[in-house]
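Comments concern the structure below.
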Amino acid sequence: MTQPRYSIVAPAYNEEETLPEFCRQIREVMDGLGEPWELVLVNDGSRDGTLDVARRLHAEDPRVCVVDFARNFGHQLAVTAGLDYARGDVVVVIDSDLQDPPQVIPEMIARWKEGYHVVYGVRSEREGETWFKLFTARLFYRLIGALTDVDIPMEAGDFRLLDRQVVNDLRNMREHHRFIRAMTSWVGYRQTGVEYERHARFAGETKYPFHKMFRLALDAITGFSDLPLRLAYLAGFLLLGVGLLVGLVLLVLRLAGSAPLAGQGSVLTVALLLGGTQLVFLGIVGEYLSRIYNEVRGRPLYTVKERIGFDET
Ligand code: UDP
Ligand code: MG
């Protein structure tokens, strides 16, 4: 196979209904560009017929390659594998559920030709999403913006074009808890956005329920900010200050002959407050510790059962 100029990386988890149409649209768009391309489908341990469909798509068009995970590793790791396997000078990461329109890719490539290394898709509109999803998504970006020191563009998802140089840098970042959006901001280079309308899903339903969003938010914060760890200082000093003040006031009142706050109620309140604060920070330390433990074990990021369409070299 000739070295592809463009690689399209698409993670797929239970997308058997959507995949053929997705592939058709990719082929239509990419053939219009008149340069060799490949589509790297990463089957993230799907439980439906996604792998069979992908196999068939490869048989019909050898430019469609498949990386088949040995189990479900999640969207961020599926994208990571796609970046590891992609061979093009330019890599475009896109969801395979047709929420990100492939028709935007030529525009991204045009910006790349102008000299940008990263071109991210900015969602100007979102169809078919619940208010809860929109609300939590907004909260998520606010929180990450406030806590971390990388600039993550609002309303930009993982739909983006990456230059080979950026892909190589990302491939050197082997952390287990990954938030690829922030990682691509972190590497630097010239970056820009193009607007697009995010469609409703073509078929099936979202595989990003609230608890996965929550985990992603935790990965983003712990991966790019130490602020939560240092908050213990702030709370500690604050409580110490309040404690000293209260002690002083009580002492003065006692010397003046009155004894307010007698009784167990006040003691209980203070004990609960202190205990609660300590446990919260213990939890935060534990959160970081478990991530350190994960990294130290040094396991591979994912396991691959089968590769289809890649030369075995
Ligand atoms: N996906 C994946 N592994 C997962 C969950 C999702 O590879 O564990 C893929 C999925 O097939 C889709 C993309 O990641 O192509 C985005 O997932 P989804 O559409 O469910 O998320 P949403 O668009 O609702 O945020
Ligand atoms: Mg989707």
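The values are calculated or read from the model by the stated rules, or taken from the named source; none is laboratory data. This structure is a prediction, so every number in the text was calculated from the model and none was measured. Neighbour counts are summed over all protein chains in view; Cβ atoms, including those assigned to glycine, are modelled from backbone coordinates with ideal geometry. Quick note on the areas: whole protein, heavy atoms, side chains included, nothing else; ligands and nucleic acids left out. Shrake-Rupley method; radii C 1.70, N 1.55, O 1.52, S 1.80 Å.
Points to keep in mind about this one:
- Candidates THR136, THR130 - the one that is free of Cβ contacts under 8 Å to residues at least 40 places away in the same chain, of a type outside the set (D, E, K, R) and within 16 Å of ligand 2 (Cβ to nearest atom): THR130
- Close pairs from the stretch 88-105: first farther than 16 Å from THR18 by Cβ, partner open to solvent by less than 10 Å² (accessible area, probe 1.4 Å) and of a type in the set (S, T, N, Q), Cβ under 6 Å, at least 6 apart: GLY88/SER7; VAL91/SER7
- Which listed residue, of VAL252, VAL285, VAL267, is touching a residue at least 12 places away in the same chain (Cβ under 8 Å), part of a helix (DSSP H, G or I), hydrophobic (A, V, I, L, M, F, W, C) and open to solvent by 70 Å² or more (accessible area, probe 1.4 Å): VAL285
- In the stretch 199-237, of all residues being within 16 Å of ligand 2 (Cβ to nearest atom) and of a type in the set (Phe, Trp, Tyr), the one that is farthest from THR184 (Cα to Cα) corresponds to PHE202.
- Test result for VAL53, among the hydrophobic types (A, V, I, L, M, F, W, C) and open to solvent by 10 Å² or more (accessible area, probe 1.4 Å): yes
- Among the strands (runs of 3 or more DSSP E) confined to the stretch 1-111, the ones with at least 3 residues that are under 24 Å from ALA217 (Cα atoms) are located at 6-12.
- Flag not set for GLY193, criterion: assigned to a loop (DSSP other than H, G, I, E, B) and over 11 Å from the mean Cα position of the chain (by Cα).
- The test for being at negative phi, out of contact with any helix residue (DSSP H, G or I) (no Cβ under 8 Å at 6 or more places or on another chain), more than 10 Å from ligand 1 (Cβ to nearest atom) and part of a loop (DSSP other than H, G, I, E, B) holds for TYR116.
- Residue match in the stretch 69-81 (condition: surrounded by fewer than 19 Cβ atoms within 10 Å (Cβ to Cβ), without any contact (Cβ under 8 Å) to a residue 40 or more places away in the chain and of a type in the set (A, V, I, L, M, F, W, C)): no
- Within the stretch 162-190, the residues that satisfy the criterion of being in a helix (DSSP H, G or I) and within 17 Å of ILE144 (Cα to Cα) are ILE180, ARG181, ALA182, MET183, THR184, SER185, TRP186.
- For the stretch 194-249, the set of residues classified as open to solvent by 80 Å² or more (accessible area, probe 1.4 Å), without any contact (Cβ under 8 Å) to a residue 12 or more places away in the chain and within 16 Å of ligand 1 (Cβ to nearest atom) consists of GLU205, HIS211, PHE214, ARG215, listed by residue number.
- With respect to the conditions (1) in contact with a Lys or Arg (Cβ under 9 Å, 6 or more places away or on another chain); (2) open to solvent by 30 Å² or more (accessible area, probe 1.4 Å), PHE132 falls short on a single one, namely (1).
- Between VAL92, VAL122, the distinction of being β-branched (Val, Ile, Thr), under 27 Å from ILE308 (Cβ atoms) and within 16 Å of ligand 1 (Cβ to nearest atom) belongs to VAL92 only.
- The number of residues in the stretch 93-107 being surrounded by fewer than 24 Cβ atoms within 10 Å (Cβ to Cβ) and more than 16 Å from ligand 2 (Cβ to nearest atom) comes to 3.
- Check on PHE224, within 16 Å of the chain's Cα centre (by Cα), closer than 28 Å to GLY298 by Cβ and not charged (D, E, K, R): yes
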